[in-house]
1. Considering 34, 56, 7, 18, which residue is surrounded by fewer than 15 Cβ atoms within 10 Å (Cβ to Cβ) and under 17 Å from residue 88 (Cα atoms)?
2. What number of residues within segment 59-82 are surrounded by 13 or more Cβ atoms within 10 Å (Cβ to Cβ) and on the phi > 0 side of the Ramachandran plot?
3. Please determine whether any residue of segment 51-62 is touching a Gly at 6+ places or on another chain (Cβ under 8 Å), over 15 Å from residue 14 (Cα atoms) and among the acidic types (Asp, Glu).
Amino acid sequence: MKLVWTEKAQQRIGEILEYIEREFGAKARQTFREKTQDFTRILIQFPEMGTLEIKEKNLRGFQLTNQTRVFYRVKKNCIIILTLIDSRQDPKKKPK
């Protein structure tokens, strides 16, 4: 299964990593990066492990950390990471 990060998802993970390093340090940033890498390896094996958030749009969500949720979509042999939401930065935000 192929894994694709949208431009928006790439931008968001960069912003989250910068925020974590600024607020919590380089070690916390590295821990988050490793957790994200572990998640993507598992996601490729089990693409439907996330909660089905919006059935009509096949939008799935997965709680990566207590503060970060990943939203993605599965299409044929491809998993598309759409965005990440960090509740420390904007707790009310959710993709549409």
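Values quoted throughout were computed directly from the atomic coordinates according to the rules given, and no laboratory measurement underlies them. These numbers come from a predicted model, not from an experiment. Cβ coordinates were reconstructed from backbone atoms using ideal geometry, including for glycine residues, and neighbour counts include every protein chain displayed.
1. Unique residue meeting the criteria: 18.
2. Result for segment 59-82: 0.
3. Scanning segment 51-62 turns up at least one residue that is touching a Gly at 6+ places or on another chain (Cβ under 8 Å), over 15 Å from residue 14 (Cα atoms) and among the acidic types (Asp, Glu).
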